[in-house]
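Asks: Starting off with a structure, shown below.
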Amino acid sequence: MTNSLARMIAREDALEEAGMPADERTTCYAHKAWAFECADQHLPLTAGRVLAALREVDRVRWHAAGARRRP
Ligand SMILES: [Zn+2]
């Protein structure tokens, strides 16, 4: 993380605490990054995304179970 990014995150933390709407941030508190760098990780949950996530969980469980059954 660069110093300017760290300073901006701290500044926007303070601004948000003072009432600035979260969607006006140019930095991401969650990812400690510029907002544009992780924008694709903040898409709202849609049915399709939830289903894709559930399929991924199933896939991981299936592989874990298969790995345990092998000698
Ligand atoms: Zn983020």
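Asks: If you check every pair at least six apart or on different chains, which have Cβ atoms under 8 Å apart with a residue in the range 6-20 that is surrounded by 12 or more Cβ atoms within 10 Å (Cβ to Cβ) first and a residue that is part of a helix (DSSP H, G or I) second?
Replies: Hits for this filter: 16/22; 20/12.
Asks: While we're looking at this one, here's another question. When the range 3-42 is examined, which residues are found to be within 11 Å of the ligand (Cβ to nearest atom) and assigned to a loop (DSSP other than H, G, I, E, B)?
Replies: 25, 29, 30, 31, 32, 38, 42, listed by residue number.
Asks: Working only within the range 43-61, note down all residues that are assigned to a helix (DSSP H, G or I) and either within 15 Å of the ligand (Cβ to nearest atom) or of a type in the set (Val, Ile, Thr) (or both).
Replies: Correct list: 50, 57, 60.
We did not get these values from a lab; they are worked out from the coordinates using the rules stated. Model, not experiment: these values are computed from the prediction. Every residue, glycine as well, gets a Cβ built from its backbone with ideal geometry; the counts of neighbours run over all protein chains shown.
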